[in-house]
Amino acid sequence: MKVLVPVKRVIDYNVKVRVKADQTGVELANVKMAMNPFDEIAVEQALRLREAGTAEEVVAVSIGPAQNQETIRTALAMGADRGIHIEAPHDIEPLAVAKLLKAVVANENPGLVLVGKQAIDDDCNQTGQMLAALLGWAQGTFVSALEIAGDKAKVTREVDGGLEHIEIKMPAIVTVDLRLNEPRYASLPNIMKAKKKPLDSLNAADLGVDIAPRLTIVKVEEPAARAAGVKVADVQELVNKLKNEAKVI
Amino acid sequence: MSILILCDHENGQLSPVTLNAVSAASQIGGDMHLLVAGDASGNVAKAAASIAGVAKVLVADDKAFENGLAENLAPLLQSLSAGYSHIMAAATTTGKNVMPRLAAMLDVMQISDIIKVVDANSFQRPIYAGNALSTVSSSEAIKVITVRGTAFEAVASEGGSAAIEAVTGGGEAGLSAYVKSELSSSERPELTSAPIVVSGGRGMQDGANFAMLEKVADKLGAAVGASRAAVDAGFVPNDYQVGQTGKVVAPDLYIAVGISGAIQHLAGMKDSKVIVAINKDDEAPIFQVADYGLVADLFDAVPALEQELG
């Protein structure tokens, strides 16, 4: 089985994002970028499937500007076998991403697509579900455990009330949640080796997909800041303030 | 203009968050229709019909819809979509699972997790874990939208008398099957709708120490939550998690105990009306968003708080 892992290049999760003064978006120039943390978990899971003999090949795909090749190299350094880069604007929407991925799936015929449940930049939480719809495949979303047996997968989903177990037909899309695994770090020798791994580059037009945005960004702004609070000396003062000042208890 | 809203329900009960989704829809304007899928008891449809302002309740009573499987539900929504300008659901794990599948089937771009209705075509939503707010406008023929429940005041659950109408469509797609749920049972209020939330972090040191927070919570009628660090450390189950990737809460009072205040956690609670932080590290970032900060060892402060509350 081949596993396809879409990886997104986003602002590193440790960076405090700044809204641009003209309110058109957030500042991306000279900001540290990294692989979306949920996608790292997806790469890790794909590698574990290959190590367990369930998968033979792990292919990482990233959609975006030329710099996205760095993100693919990160996946290759973790252990993915090869990469596919699709040239597109940085802020391409999930629907267009899903359409491009559908075209990649048609070329590659993977048995499983593993992807992060959401990207930490636009927080959309859409791409995996949209790809499943376009392919007519089953979807296991927000997954914290995955077990593949033949043409079925048992998945454990993190839902609002706790955990849910479902069984999905393969091939399938699985979107991964935080507790599925702990991604490995790429070692220096593997980072060097990754530079020699195959990486194909395509563009959206090659795949015959219309990627024009459907939504217009009117403005991006900072949220209102909370007013500074006060320190209280002890529990008595705290309870007193909650009762008489804030009147919430 | 008419709006279709997918109801969340569990164990034969309408989930309260549906009232918040209806509230968002009511700000758009137009007829509001509610869809109840997979409700053998009929209780959910009755509850939905009595929500103030609802014009019609559509009921699709097929076993295939009982457990909210997206592969079965999305085609049902698609078959009902003609004539609606908006199709909405609360951004619960059900809504987040089903709605993007529907959007792709309709070839429209979804607008996720809205926190404000600007007009019928424009909505505000948080990005970067709420560190920025984006206003987007859509010219799609059908707007598929998920709603952040805490951002909209619930509408009244009584006062309406909508007609109930049976519908069919979709059904067993043969792609997925529900096996079982492991739901945490608790006598306490549900985390996302509780007026008071008491949360513990890594500073709790052990799952057993959450008993201290539960005692305080019981005196306040509060729900108990946790930071991602506490969940990852195995102190409490995942459904306790408040944060960007867990639940988003906005209670009247949020008490953060032994929580440092990572951006991830703040994203899930900083819209609370009053925030209290108890932490022994006076440099902890949580104090920057707290209305009342108490620098103290939680193992002294929490029992004292319980006592003080009588």
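Listed values, structure above:
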{"item": "Scan of region B:258-302 for residues that are assigned to a loop (DSSP other than H, G, I, E, B) and of a type in the set (Ser, Thr, Tyr), ordered by number", "result": "B:Ser260, B:Ser272"}
{"item": "Selection within region A:1-19 - open to solvent by 10 Å² or more (accessible area, probe 1.4 Å) and either over 12 Å from the mean Cα position of the chain (by Cα) or modelled with pLDDT under 95 (or both)", "result": "A:Met1, A:Lys2, A:Asp12, A:Tyr13, A:Asn14, A:Val15, A:Lys16, A:Val17, A:Arg18, A:Val19"}
{"item": "Region A:85-127, subset β-branched (Val, Ile, Thr) and open to solvent by 10 Å² or more (accessible area, probe 1.4 Å), residue nearest to A:Leu49 (Cα to Cα)", "result": "A:Val115"}
{"item": "Single residue of A:Asp121, A:Asp91 found to be in contact (Cβ under 8 Å) with a residue 24 or more places away in the chain and within 12 Å of the chain's Cα centre (by Cα)", "result": "A:Asp121"}
{"item": "Yes/no for A:Gly162 being more than 20 Å from the chain's Cα centre (by Cα) and open to solvent by 10 Å² or more (accessible area, probe 1.4 Å)", "result": "no"}
{"item": "Within region A:82-139, tally of residues that are in contact with a strand residue (DSSP E or B) (Cβ under 7 Å, 6 or more places away or on another chain) and closer than 28 Å to B:Ile263 by Cα", "result": "19"}
{"item": "B:Glu182 vs. criteria over 18 Å from B:Ala91 (Cβ atoms), free of Cβ contacts under 8 Å to residues at least 12 places away in the same chain and in contact with a strand residue (DSSP E or B) (Cβ under 8 Å, 6 or more places away or on another chain)", "result": "yes"}
{"item": "Some residue of region B:288-297 being more than 16 Å from A:Ala246 (Cβ to Cβ) and crowded, with 23+ Cβ neighbours inside 10 Å", "result": "no"}
{"item": "Odd one out for B:Arg101, checked against (1) open to solvent by less than 50 Å² (accessible area, probe 1.4 Å); (2) away from every other protein chain (no Cβ under 11 Å)", "result": "(2)"}
{"item": "Verdict on B:Ile145 being open to solvent by less than 30 Å² (accessible area, probe 1.4 Å), touching a strand residue (DSSP E or B) at 6+ places or on another chain (Cβ under 9 Å), among the hydrophobic types (A, V, I, L, M, F, W, C) and not in a loop (DSSP other than H, G, I, E, B)", "result": "yes"}
{"item": "Complete set of residues in region A:54-90 that are assigned to a loop (DSSP other than H, G, I, E, B) and either basic (Lys, Arg) or touching an Asp or Glu at 6+ places or on another chain (Cβ under 8 Å) (or both)", "result": "A:Pro65, A:Ala66, A:Asp81"}
{"item": "Among residues of region B:8-51, those that are assigned to a loop (DSSP other than H, G, I, E, B), surrounded by 17 or more Cβ atoms within 10 Å (Cβ to Cβ) and among the hydrophobic types (A, V, I, L, M, F, W, C), counted", "result": "1"}
{"item": "Enumerated strands (runs of 3 or more DSSP E) restricted to region A:132-249, each holding at least 3 residues that are of a type outside the set (Ser, Thr, Tyr) and farther than 28 Å from A:Ser62 by Cα", "result": "A:162-169, A:230-232"}
{"item": "Yes/no for B:Thr168 being out of contact with any Phe, Trp or Tyr (no Cβ under 8 Å at 6 or more places or on another chain) and closer than 25 Å to B:Asp61 by Cα", "result": "yes"}
{"item": "Pair list, Cβ under 8 Å, 6 or more apart: region B:209-226 residue more than 12 Å from chain A (Cβ to nearest Cβ) and in a strand (DSSP E or B), other residue surrounded by 21 or more Cβ atoms within 10 Å (Cβ to Cβ) and basic (Lys, Arg)", "result": "B:Gly225/B:Lys247"}
{"item": "Count of region B:154-194 residues which are in contact with a Leu (Cβ under 7 Å, 6 or more places away or on another chain) and either in a loop (DSSP other than H, G, I, E, B) or open to solvent by 50 Å² or more (accessible area, probe 1.4 Å) (or both)", "result": "9"}
{"item": "Members of region B:104-134 that are of a type in the set (S, T, N, Q), open to solvent by less than 10 Å² (accessible area, probe 1.4 Å) and either touching a residue at least 12 places away in the same chain (Cβ under 8 Å) or farther than 30 Å from B:Ile263 by Cα (or both)", "result": "B:Gln110, B:Ser112"}
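A quick yes/no check of all residues on (1) farther than 30 Å from B:Val236 by Cβ; (2) within 11 Å of chain B (Cβ to nearest Cβ); (3) in contact with a helix residue (DSSP H, G or I) (Cβ under 7 Å, 6 or more places away or on another chain):
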{"position": "A:Arg157", "(1), (2), (3)": "no, yes, no"}
{"position": "A:Gly161", "(1), (2), (3)": "no, yes, yes"}
{"position": "A:Arg184", "(1), (2), (3)": "no, no, yes"}
{"position": "A:Ala194", "(1), (2), (3)": "yes, no, yes"}
{"position": "A:Ser201", "(1), (2), (3)": "yes, no, no"}
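The values are calculated or read from the model by the stated rules, or taken from the named source; none is laboratory data. Just so you know, these numbers come straight off a predicted model, no measurement behind them. A quick note on method: Cβ atoms are made from the backbone with ideal geometry, for glycine too, and the neighbour counts reach across all protein chains shown. Accessible surface areas use protein heavy atoms only, side chains included; no ligands, DNA or RNA. Shrake-Rupley method; radii C 1.70, N 1.55, O 1.52, S 1.80 Å.
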